[in-house]
Amino acid sequence: MLEHLPAEIRESLKLARKEDQRRRSRLRVHVGDAVYPVLRLWDGGFALDAACDPQLRGVVDIYDGSRHLYRALIVASTEDNAEGEVICEFKLNTAVVDTPPRDFVQAENAPAGLIGKA
């Protein structure tokens, strides 16, 4: 259906779609002091807008608003000129937890806390 439209209208629709993705997505990639909006995120990587000109490699942090989601190691970032995106692939993607890891098994019926003597 889009093939029958003039080229400038197709480009306008593509830009509007990308702007809508950027506005709707709360995901951000933090690299040092730089912050880039994420257009798409999947198991093996994520996509950024090529207009931001990100040259990413190494360790990055991925946030959803103010919530830290992942710490990831990026090994490859390639530009997809057809979509105007930079595709970044994970070598390692670790979910961030807000509690320290336990080195023991906690029983299901364990008390939430202990009450001392009065």
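No value in this document is a laboratory result; all are computed from the given coordinates. Given the structure is predicted, the values throughout are model-derived calculations rather than measurements. All Cβ positions, glycine included, derive from the backbone under ideal geometry; neighbour counts span all protein chains shown.
Here are the numbers for the structure shown:
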{"item": "Whole-number percent relative contact order across region 68-109, with pairs defined as alpha carbons under 8 Å at least 6 apart", "result": "39 percent"}
{"item": "Scattering profile of region 8-98 at q = 0.24 Å⁻¹ [log10 I(q)/I(0), Debye over alpha-carbon scatterers]", "result": "-1.28"}
{"item": "Region 2-95 - percent relative contact order, Cα under 8 Å, separation 6 or more", "result": "21 percent"}
{"item": "Net charge of Cβ neighbours under 13 Å - reference Asp61; Lys, Arg +1; Asp, Glu -1", "result": "+1"}
{"item": "Nearest 10 degrees, 0 to 90: helix 7-24 Cα axis against the chain principal axis", "result": "10 degrees"}
